[in-house]
Amino acid sequence: MSHTEPESVPSFWSLKPWWCQPWSILLTGVGAIVGSWVLLHWIWLTALVTVAVSAWWLLFLVLVPRAASS
C-alpha cells in the first residue's frame, strides 16, 4: 500500500504581491481615513471615506479570500 502525501496548496496571500497583502490593505485604508480628516476636517467626507474603506476591507480581506479557499 502506498501512502500519498496531500499536495500543499499555497495560501491565498502567498500568491499576492506586497501591495495586495493584508497589512498593506489595512495601512492604505487607515491612511485614507486619517488623511481625509487631517487634510479637510470634514466629518461627513471622513465618514464617507470610512464607509468606502470598510466596504473595500470587507471585499478584499474577507469575501475574496473566503471565495478563493472554497
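The values are calculated or read from the model by the stated rules, or taken from the named source; none is laboratory data. Source: prediction; values computed, not measured. Every residue, glycine as well, gets a Cβ built from its backbone with ideal geometry; the counts of neighbours run over all protein chains shown.
In table form, for the structure just shown:
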item: All positions within segment 32-68 that are exposed (fewer than 12 other Cβ atoms within 10 Å of the Cβ) and not in a helix (DSSP H, G or I); result: His41
item: Residue that is surrounded by the fewest Cβ atoms within 10 Å (Cβ to Cβ) [pool: residues in segment 17-27 that are modelled with pLDDT of 95 or more, under 8 Å from the mean Cα position of the chain (by Cα) and assigned to a helix (DSSP H, G or I)]; result: Trp23
item: Check on Ser14, more than 21 Å from the chain's Cα centre (by Cα) and polar (S, T, N, Q); result: no
item: Pairs, first over 21 Å from Phe12 (Cβ atoms) in segment 35-64, second of a type in the set (Phe, Trp, Tyr), C-beta under 9 Å, six or more apart; result: Ser36/Trp42; Ile43/Trp37; Leu45/Trp37; Thr46/Trp37; Val49/Trp37
item: Failed item, numbered, when Ser11 is tested on (1) outside any helix (DSSP H, G or I); (2) exposed (fewer than 10 other Cβ atoms within 10 Å of the Cβ); result: (2)
